1. What pairs come up if the first residue lies in the stretch 428-455 and is outside any helix (DSSP H, G or I), the second is open to solvent by 40 Å² or more (accessible area, probe 1.4 Å), and their beta carbons are under 7 Å apart, counting only those six or more places apart or on different chains?
2. Considering only the stretch 314-344, state which residues are assigned to a helix (DSSP H, G or I) and either under 23 Å from residue 431 (Cβ atoms) or in contact with a strand residue (DSSP E or B) (Cβ under 9 Å, 6 or more places away or on another chain) (or both).
3. Look through 271, 290 and report the one residue that is over 16 Å from the mean Cα position of the chain (by Cα) and under 30 Å from residue 389 (Cβ atoms).
4. Can you list residue pairs whose Cβ atoms sit under 7 Å apart, with the first residue in the stretch 175-190 being among the β-branched types (Val, Ile, Thr) and the second being assigned to a helix (DSSP H, G or I) and surrounded by fewer than 23 Cβ atoms within 10 Å (Cβ to Cβ)? Count only pairs 6 or more apart in sequence or on different chains.
5. Can you find even one residue in the stretch 298-313 that is of a type outside the set (A, V, I, L, M) and at pLDDT below 85?
6. Looking only at the stretch 116-137, decide whether some residue is of a type outside the set (Asp, Glu) and out of contact with any helix residue (DSSP H, G or I) (no Cβ under 9 Å at 6 or more places or on another chain).
7. Does residue 100 satisfy the condition of being out of contact with any helix residue (DSSP H, G or I) (no Cβ under 6 Å at 6 or more places or on another chain), surrounded by fewer than 19 Cβ atoms within 10 Å (Cβ to Cβ) and at pLDDT below 80?
8. If a residue has to be open to solvent by 60 Å² or more (accessible area, probe 1.4 Å) and free of Cβ contacts under 8 Å to residues at least 12 places away in the same chain to count, how many in the stretch 343-360 make the cut?
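The values are calculated or read from the model by the stated rules, or taken from the named source; none is laboratory data. What you see is a predicted model; the values in this text were computed from it and never measured. In this analysis, Cβ positions are derived from the backbone assuming ideal geometry, glycine residues included, and neighbour counts consider all displayed protein chains. Each accessible area value is taken on the protein alone, full model and side chains, heavy atoms only, with ligands, DNA and RNA left out. Shrake-Rupley method; radii C 1.70, N 1.55, O 1.52, S 1.80 Å.
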Amino acid sequence: MASEETRTLKSTTNIGDSVGGPAAGDSPVPTGKSPTHAWTTRLIVVGIVLSALNLRPAITSLGALLEEVRDGLGMSGSVAGLLTSVPPLCFAVFGVMAPRLARRFGPAAVVCAGMVLITTGLLIRPYIGGTAGFLAGSALALMGIAVSNVLMPVIVKRWFPDRVGSMTGLYSMALALGTASAAAVTVPMTDALGGSWRSGLAVWAALAAAAVLPWTALVRHREAPGEQPSRARERADGASAPGTSRATRARAREAEQARPVLRITRSRTAWALAVFFGLQATAAYITMGWMPQIFRDAGVSAGTAGLLLAVTMVMGVPLAFVIPRVATRLPRQGPVVIALGVCGLAGYAGLYLAPAGGAWAWAVLLGIANCSFPLALTMVGMRARTGAGVAQLSAFAQSTGYLISIPGPLLVGVLYQHSGGWGLPIALMAGLMVPQMAVGVLAGRNRTVEDEAAR
């Protein structure tokens, strides 16, 4: 049986499908080996990696300093739980806008704007004043993360249709590396900057600013006069050959616009993937927001707790590269879902029974379980045949999934404050792992949303 990556290459013939049609500033998938195409492809790879590095430090750097932020802003446990729920809320609200923005301005331009928002939000949130200001600055950064979250699978499918698994693995590995780095070095970096949690959080804006550069270059490059004919020729299937008449291209564009819209909500696989995405996001944001506090309450120092969170996140660096490659070679991804879920249940059991005694082992197990995220991203690319389907499925699964995940971190904060311990919150985390495994098996079936929506 041919691999999923090969089937994806055969089915993805029109890059305009990646966002439901070409937009201003879009470039074609490089099919030749000209220096310009090679330069553009390398720049896109750099942009993908730098963007992925910036999609989690806004969250994990806060997790490492949550106690200091709570004290500095006078937050209660419930408000801190609300703070840890802000990321999925922003991802749900703003992520759904990404496909429409990409159709209007082009995916690269939207991701570039997202990196600018991340830079601005990280820079101002520690200094804007008060809890409300901190939340507003966080929301600004998370808005940029949200649109980039949705468009990364689209860009991968668009530019690397024959390497979906490999490029998703590279993107996921960079994301895990950025997540782990923020968790590991935020506390020591804060100490080196004079002990101010404000400086320790704001410094991550520099990494986000670096990610703006390659996307800015790509947007400017695509606006060069020499790119215009290529953009016109790529607008529809069958109208890409040199010398194609303007009337032929116009008819092809009309046919493309008349193509029926995919009704994604009719697909059971789309719903299963959305719920799976939501439950794994719930576990991930509870882990990123609260795991350092669990270890600190068990007697672990703040620096060590940050390192333990870093271990959890860094497990995704090698595994996020391996798991998508394995997943694309399997007709069904259910066995991978089950294996990751079992590791999560074992990690929660360890946190409940001996949080300090086996801390490093639990951190490793939960890090393996958190690799459900790159698996979910891979299944987004596998469960749709076309780029347009990937864009719709990515927006639907991520936006719906993040809505599902919103109550989790908040509920953990409430249970922790009112029970005075971590027994009930950990029981909640373990309980949610069971339905996550069930819907993950359903989402991993060898089906496509286009076929299900048509039926």
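1. 444/332; 445/332; 446/331; 446/332; 448/385
2. Filtering the stretch 314-344 down to residues assigned to a helix (DSSP H, G or I) leaves 314, 316-327, 334-344.
Scanning the stretch 314-344 gives 334, 335, 336, 337, 338, 339, 340, 341, 342, 343, 344.
3. Details: 290 fails: under 30 Å from residue 389 (Cβ atoms).
Matching residue, one of 271, 290: 271.
4. Filtered contacts from the stretch 175-190: 187/302; 187/303; 190/199.
5. If we filter the stretch 298-313 for residues that are of a type outside the set (A, V, I, L, M), which is where we start, we get 299, 301, 303-304, 306, 312.
Still in the list and also at pLDDT below 85: 303, 306.
Yes, some residue in the stretch 298-313 is of a type outside the set (A, V, I, L, M) and at pLDDT below 85.
6. Looking through the stretch 116-137, at least one residue is of a type outside the set (Asp, Glu) and out of contact with any helix residue (DSSP H, G or I) (no Cβ under 9 Å at 6 or more places or on another chain).
7. Numbers: out of contact with any helix residue (DSSP H, G or I) (no Cβ under 6 Å at 6 or more places or on another chain): yes; surrounded by fewer than 19 Cβ atoms within 10 Å (Cβ to Cβ): yes; at pLDDT below 80: no.
Answer is no for this residue.
8. Number of matching residues: 2.
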